[in-house]
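First comes the structure, then the notes that go with it.
The values are calculated or read from the model by the stated rules, or taken from the named source; none is laboratory data. In this text the structure is predicted, and so the values were computed from the model without any measurement. Because the Cβ atoms are built from the backbone with ideal geometry, glycine has one as well, and the counts that use them run over all protein chains shown. Only protein heavy atoms, including side chains, enter the accessible area calculation; ligands, DNA and RNA are left aside. Shrake-Rupley method; radii C 1.70, N 1.55, O 1.52, S 1.80 Å.
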Amino acid sequence: MLERLPDDFTAVVTGAGGGIGQAVVRCLLETSQVGRIVAVSRQPLAFGDDRVETLEADLTQEAGLVRLGERLDGAPLHLLFNTLGMLHDAARDIAPEKRLEELDADTLATLFHVNAITPALLLKAVLGSLKGQHPTLVASLSARVGSIEDNGFGGWYGYRASKAAHNMLLRTAAIELARYNKRAIVLCLHPGTTDTALSQPFQRRVPEGKLFSPEYVAERLLTVISERRPEESGTFWDWAGKPVPW
């Protein structure tokens, strides 16, 4: 796994307090190859391993992005794994829309900010650590429902559109980053339906055998990004290693 990366590589995992983020950190810790993990979360975390540095920061806010940039201080970053995303939020009365009548400007703005704008600004915040001649992998969670070509059911307007915007921003960033680092690989990832708080309200509709544990998803996604080459930067893949149409 992650054979392209050097020994003692540095990783940043965002949303490290969530199901997939936490599982990614623990999966990385199972290897002797990783030297430093910056685990970013809004809540205090403890992983019991000296290789993990926890950073309490809200990356949807400028101050949080600045804190992360300051923590890296331009040091080479070999793996950036972004798990931030929003589908629903009861406190803000945000839920997937089924009809045009349910669209709300504030809800759409919030979903776009979390799902598309924040990942793009995250890349901006750590750009100095991505530039250079070192191998670097950037993986950001998207969703198959963000595929325009694959949309055959409609609904979920804000989530679909914000993830489609996420994909365009990451694809565009991949083109630019290739000019700064020829060994950089930027990927959008569909994790499948994972047993986390994000999917919990919708799990009863998931076919048998298609609700995955965070640990399984973390291992699969790290395997998928390990198999990619620089010429595949700016592409979209699912947990099974199959390309997803834009």
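GLU232 versus ALA109, label points 7 Å from Cα toward the beta carbon: distance in nm?
For the pair GLU232/ALA109, the computed spacing is 4.0 nm.
Just the number: Rg to Rh for the range 107-146, Cα atoms, Kirkwood Rh, two decimals.
1.08
So how much slack lies between ARG71 and LEU211, counting 0.36 nm per residue of separation and subtracting their Cα-Cα distance, in nm?
46.8 nm
Restricting to bridges with both residues inside the chain, how much of the DSSP beta-bridge set is antiparallel, in percent to the nearest 5?
Just about 5 percent of them are antiparallel.
To make sure I understand the rule: partners must be lysines, Cα under 18 Å from the Cα of LYS182, and not fewer than 8 residues away in the same chain. Which ones qualify?
Filter leaves LYS124, LYS131.
Could you sort the peptides 109-122, 166-179 by per-residue average Cβ neighbour count (10 Å cutoff), highest mean leading?
109-122, 166-179
How much accessible area per residue does the chain have, counting only protein heavy atoms and a probe of 1.4 Å, in square angstrom?
Ligands and nucleic acids excluded, the result is 48 Å² per residue.
Once you charge only the Cβ atoms, +1 for Lys and Arg and -1 for Asp and Glu, what is the size of the charge dipole of the range 38-144 about its Cα centre, to the nearest 20 debye?
In total the dipole reaches around 420 debye.
Which one of GLU97, GLU30, GLU56 has the biggest mean-square fluctuation once the chain is modelled by GNM with Cα springs under 10 Å?
Checking each option, the largest mean-square fluctuation is seen for GLU30.
Put +1 on the Cβ of every Lys and Arg and -1 on every Asp and Glu Cβ in the range 1-117; which of LEU45, LEU100, ALA23 then has its Cα farthest towards the positive end of the dipole?
Of the candidates, ALA23 comes out farthest on the positive side.
Using a Gaussian network for the chain with springs between C-alpha atoms less than 10 Å apart, which of these wobbles most: VAL217, VAL66, VAL38?
Of the options given, VAL66 has the highest mean-square fluctuation.
Between MET1 and ILE175, how many nm apart are label points set 7 Å from Cα along the C-beta direction?
Simple spin-label model gives 3.4 nm for this pair.
If the chain between ALA46 and ALA63 were fully stretched, how many nm would it gain, using 0.36 nm times the residue separation less the Cα-Cα distance?
3.9 nm
Between ASP89 and TRP246, what FRET efficiency follows from the Cβ-Cβ distance if R0 is 22 Å, with the result rounded to 0.05?
About 0.25, to the nearest 0.05.
Does the range 1-66 classify as rounded, prolate or oblate by the C-alpha gyration tensor (a ≥ b ≥ c root eigenvalues; a/c under 1.5 gives rounded; else a/b over b/c gives prolate, otherwise oblate)?
Judged from the Cα gyration tensor, the range 1-66 comes out prolate (a/c at least 1.5, a/b above b/c).
Long-range amide H contacts for ILE37: which residues qualify at under 5 Å (H placed 1.01 Å from N, peptide plane, sequence gap of 5 or more or a different chain)?
Answer set, sorted by chain and number: ALA11, VAL52, GLU53.
Long-range amide H contacts for TRP237: which residues qualify at under 5 Å (H placed 1.01 Å from N, peptide plane, sequence gap of 5 or more or a different chain)?
Close amide H contacts, sequence-distant or interchain: CYS188, LEU189, HIS190, VAL244.
Membrane-span-like helices in the chain: DSSP H runs reaching 20 Å or more (Cα, own axis), mean Kyte hydropathy at least -0.5?
Answer set is 157-180.
Return the single residue from SER213, SER147, SER32 with maximal mean-square fluctuation; model: Gaussian network over the chain, springs between Cα atoms under 10 Å.
Fluctuation is largest for SER32.
Expressed as a rounded percentage, what relative contact order does the range 83-203 have, with Cα pairs under 8 Å and six or more residues apart?
Relative CO of the range 83-203 lands at 33 percent.
Suppose only helical runs count, i.e. DSSP H with n ≥ 4. What mean residue ellipticity at 222 nm does that imply for the chain under -39500 (n - 2.57) per run, divided by all residues and rounded to the nearest 500 deg cm²/dmol?
That calculation yields -10000 deg cm²/dmol at 222 nm.
Over the heavy atoms of TRP239, what accessible area does a 1.4 Å probe trace out, to the nearest 10 Å²?
Around 50 Å² of this residue is reachable by solvent.
Can you classify the range 64-166 as rounded, prolate or oblate using the Cα gyration tensor, where a ≥ b ≥ c are the square roots of its eigenvalues, rounded means a/c under 1.5, and otherwise it's prolate if a/b beats b/c and oblate if not?
Judged from the Cα gyration tensor, the range 64-166 comes out prolate (a/c at least 1.5, a/b above b/c).
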